[in-house]
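Asker: Encoded as structure tokens, here's the structure I'll be asking about.
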Amino acid sequence: MSYAWWQRGVVYQIYPRSFSDANTDGTGDLRGILARLDYCASLGVDALWLSPIFPSPMADFGYDISDYTNIDPVFGTLGLFDELVAEVRKRGLKLILDFVPNHTSDRHPWFRQARRSRNDPKRNWYLWHDPAAGGGPPNNWLSNFGGSAWEFDEPTGQYYYHAFLKEQPDLNWRNPEVCAALHDVLRFWMRRGVDGFRVDVLWHLIKDDLWRDNPPNPDYRPGQNPLHSQIPLYTTDRPEVQEVVAALRRVTDEFADRILIGEIYLPVERLVAYYGVNLEGVQLPFNFQLLQAPWNARGIAQLIDEYEGKLPSGGWPNWVLGNHDRARIASRVGIDQARVAAMLLLTLRGTPTLYYGDEIGMSNVPIPTDRIQDPFEKRVPGLGLGRDPCRTPMQWDASANAGFSAAQPWLPVSDDYSVVNVQSEDADPESILTLYRRLLALRRAHPALSVGIYEPVATTGHLLAYVREESPERFFVALNFGEDPYELSLETLAGAGRIILSTYLDRDDDPVTSVGLRANEGVIMRLTDRRS
């Protein structure tokens with residue numbers, strides 16, 4: 001069976017503001033990414049995904065776009081982008097861009113025109129509504145960033161809807177003109193050589209056209225994110241969104257070998273709907289379960305089984321361990337378990353996404369009050385919801401500012417950068433960077449570990465185990481989520497095998513008939529005999 005590049009490959013997410021600063025203004029840029037492409041290639045990943053690099057007032061750091069078909073001067077120019085595409089190609093890599101279709105900046109020419117009058121031709125490109133009968137917002141819909149999702153526009157006497165900041169008005173995806181304009185954006189970038197798109201907040205694109213109030217959430221408790229005080233029944237995951245998704249897919253299918261990845265924070269039973277009828281939706285609806293689940297073997301085993309069981313026939317799985325919106329894996333589970341998590345991510349069936357810096361064990365960085373950048377944290381302070389701590393500069397070496405920039409970085413660098421950095425870990429045969437490289441090389445060399453079938457192995461306690469197989473190879477993966485050692489017999493699997501990699505990086509080609517796992521250890525074993 002043949003597989004697409006995005007099925008065999010690994011995606012590496014780069015947050016451009018924080019990856020590498022070449023022009024010494026304290027903010028990462030395209031020239032900085034260009035300078036680090038050899039590093040990306042040396043990791044063994046297959047595709048680079050860039051968070052937004054388009055012109056923007058930066059109210060939400062690029063997720064408020066004022067021009068969909070250009071590059072923000074902070075990052076570079078279109079010419080520099082074309083150079084980046086060419087250099088990515090030379091290294092055998094693919095390039096994925098963020099696509100933000102739910103909303104624009106309030107400074108986008110479309111919105112500036114729309115708010116001129118109620119009769120403007122662009123008016124219906126956004127979501128406008130008269131005040132409620134007694135005055136005030138039309139309904140109870142809430143912004144993801146706190147407060148009402150409605151902003152009153154005094155000159156025209158109506159409210160406009162914004163699922164996020166008021167500077168990010170939502171587009172009206174029920175309007176065919178909006179659909180056509182955003183489809184052309186996709187074509188623009190694919191003609192420039194882009195291999196695919198990660199689609200921002202895909203499940204938000206259609207809202208209820210009867211403008212009904214969202215019901216209260218009976219499980220909400222004070223101190224939680226205020227957004228969760230409601231069930232977003234009428235603002236997200238509307239049935240009509242599936243045709244919008246299918247239309248986006250039809251556009252990307254006009255070009256060969258392109259990929260659509262959907263950002264969707266939904267339970268598995270709803271997530272899988274975004275594969276679409278007959279797999280005509282996005283190829284990869286992002287699976288964020290490893291970002292959200294408690295870190296224990298029994299829970300992880302259950303969620304893997306549930307996810308595998310609910311995938312539609314032919315639907316390709318994917319796994320995400322970190323991203324620009326959630327706490328880093330080393331901060332969530334500790335550095336020892338971060339190594340186990342790396343082995344899990346890169347040996348499960350499906351396409352993994354790796355977040356920059358996780359491969360060197362970067363952790364969340366405390367942000368002083370006067371250095372906070374994230375508008376979410378500024379609007380909803382004190383609940384630990386800010387995203388700055390996981391967006392800090394990449395730690396390249398032990399020089400000033402971790403080698404990220406000659407100027408003060410836009411966010412502070414971690415205090416541990418003199419030890420936790422690419423240069424020092426590159427020379428350390430037992431570093432987490434070495435582990436990631438070994439895992440990625442194994443995955444690339446052995447199809448069983450990338451596209452092979454997944455067979456869970458019954459275990460108890462803190463142990464998670466499974467088999468990956470693609471004839472003629474068969475591998476056994478055992479992961480210890482706990483602090484106690486485990487001894488696991490191989491009699492029911494094969495009787496014998498060779499450990500080819502341990503998260504401790506000290507058990508190469510070790511023949512065994514049982515697996516002795518130390519605390520916080522994961523191993524990959526090549527099974528030498530099939531079961532009779």
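Asker: In the stretch 230-279, what count of residues is obtained for those that are in a loop (DSSP other than H, G, I, E, B) and within 19 Å of His183 (Cβ to Cβ)? Steps first, please.
Answerer: To start, the set of residues in the stretch 230-279 that are in a loop (DSSP other than H, G, I, E, B) comprises 231-240, 253-258, 263-267, 276.
Filter once more, keeping what is within 19 Å of His183 (Cβ to Cβ): 240, 253-258, 263, 276.
Count: 9.
Asker: Test of understanding: among Leu279, Leu354, Leu284, which residue is touching a residue at least 12 places away in the same chain (Cβ under 8 Å), farther than 21 Å from Leu50 by Cα and of a type outside the set (D, E, K, R)?
Answerer: Details: Leu354 fails: farther than 21 Å from Leu50 by Cα; Leu284 fails: farther than 21 Å from Leu50 by Cα.
Just one listed residue meets the conditions, Leu279.
Asker: Looking at (1) out of contact with any Leu (no Cβ under 6 Å at 6 or more places or on another chain); (2) under 29 Å from Thr24 (Cα atoms), find the lone condition where Lys122 falls short.
Answerer: (2)
Asker: Within the group Tyr454, Tyr417, which residue is assigned to a loop (DSSP other than H, G, I, E, B), within 26 Å of the chain's Cα centre (by Cα), at pLDDT 95 or above and of a type in the set (Phe, Trp, Tyr)? Break it down into steps so the answer makes sense when it comes.
Answerer: On the way: Tyr454 fails: assigned to a loop (DSSP other than H, G, I, E, B).
Among Tyr454, Tyr417, only Tyr417 is assigned to a loop (DSSP other than H, G, I, E, B), within 26 Å of the chain's Cα centre (by Cα), at pLDDT 95 or above and of a type in the set (Phe, Trp, Tyr).
Asker: Please report, ordered by residue number, the strands (runs of 3 or more DSSP E) entirely within the stretch 462-532 with at least 2 residues that are touching a helix residue (DSSP H, G or I) at 6+ places or on another chain (Cβ under 9 Å) and modelled with pLDDT under 90.
Answerer: Values: elements: 463-470, 473-480, 486-489, 497-502, 510-512, 514-517, 522-527.
Counting at least 2 such residues, we get no strands (runs of 3 or more DSSP E) at all.
Asker: I need a count of the residues in the stretch 226-251 that are under 24 Å from Pro101 (Cβ atoms) and modelled with pLDDT under 95.
Answerer: 1
Asker: Now, a different point. Scan the stretch 357-371 for residues that are within 30 Å of Ser42 (Cβ to Cβ), assigned to a helix (DSSP H, G or I) and touching an Asp or Glu at 6+ places or on another chain (Cβ under 9 Å) and jot them down.
Answerer: Those that are within 30 Å of Ser42 (Cβ to Cβ), assigned to a helix (DSSP H, G or I) and touching an Asp or Glu at 6+ places or on another chain (Cβ under 9 Å): Glu359, Ile360.
Asker: With the requirement that a residue be assigned to a helix (DSSP H, G or I) and either within 27 Å of Leu433 (Cβ to Cβ) or among the aliphatic types (A, V, I, L, M) (or both), what does the stretch 372-391 give you?
Answerer: Of the residues in the stretch 372-391, the ones assigned to a helix (DSSP H, G or I) are 375-379, 388-390.
Across the stretch 372-391, the qualifying residues are Asp388, Pro389, Cys390.
Asker: I'd like to check something: does the stretch 386-397 contain any residue that is within 26 Å of Phe288 (Cα to Cα), surrounded by fewer than 16 Cβ atoms within 10 Å (Cβ to Cβ) and not polar (S, T, N, Q)? Lay out the reasoning, then the answer.
Answerer: Step one: filter the stretch 386-397 for residues within 26 Å of Phe288 (Cα to Cα), giving 386-395.
Retained after the next criterion (residues that are surrounded by fewer than 16 Cβ atoms within 10 Å (Cβ to Cβ)): none.
No; the residues of the stretch 386-397 include none that is within 26 Å of Phe288 (Cα to Cα), surrounded by fewer than 16 Cβ atoms within 10 Å (Cβ to Cβ) and not polar (S, T, N, Q).
Asker: Of the residues Leu233, Leu248, Leu260, only one is in contact with a Gly (Cβ under 8 Å, 6 or more places away or on another chain) and of a type outside the set (Gly, Ala, Ser); which?
Answerer: Values: Leu233 fails: in contact with a Gly (Cβ under 8 Å, 6 or more places away or on another chain); Leu248 fails: in contact with a Gly (Cβ under 8 Å, 6 or more places away or on another chain).
Result: Leu260 is the single residue among Leu233, Leu248, Leu260 that is in contact with a Gly (Cβ under 8 Å, 6 or more places away or on another chain) and of a type outside the set (Gly, Ala, Ser).
Asker: A follow-up question, please. Quick one: which of Glu254, Glu243, Glu177 is out of contact with any helix residue (DSSP H, G or I) (no Cβ under 6 Å at 6 or more places or on another chain), surrounded by fewer than 20 Cβ atoms within 10 Å (Cβ to Cβ) and free of Cβ contacts under 8 Å to residues at least 24 places away in the same chain?
Answerer: Working: Glu254 fails: free of Cβ contacts under 8 Å to residues at least 24 places away in the same chain; Glu177 fails: free of Cβ contacts under 8 Å to residues at least 24 places away in the same chain.
Exactly one residue qualifies, and that residue is Glu243.
Asker: Filter the stretch 79-98 for residues that are assigned to a strand (DSSP E or B) and in contact with a helix residue (DSSP H, G or I) (Cβ under 7 Å, 6 or more places away or on another chain); which is surrounded by the fewest Cβ atoms within 10 Å (Cβ to Cβ)? Let's see the steps before the verdict.
Answerer: So in the stretch 79-98, the residues assigned to a strand (DSSP E or B) come out as 94-98.
With the extra rule that they be in contact with a helix residue (DSSP H, G or I) (Cβ under 7 Å, 6 or more places away or on another chain), the set shrinks to 94-95, 97.
Details: Lys94: 22, Leu95: 20, Leu97: 22.
Here the answer is Leu95.
The values are calculated or read from the model by the stated rules, or taken from the named source; none is laboratory data. Predicted model, so just to flag it, every value in this text is computed and none were measured. Neighbour counts are summed over all protein chains in view; Cβ atoms, including those assigned to glycine, are modelled from backbone coordinates with ideal geometry.
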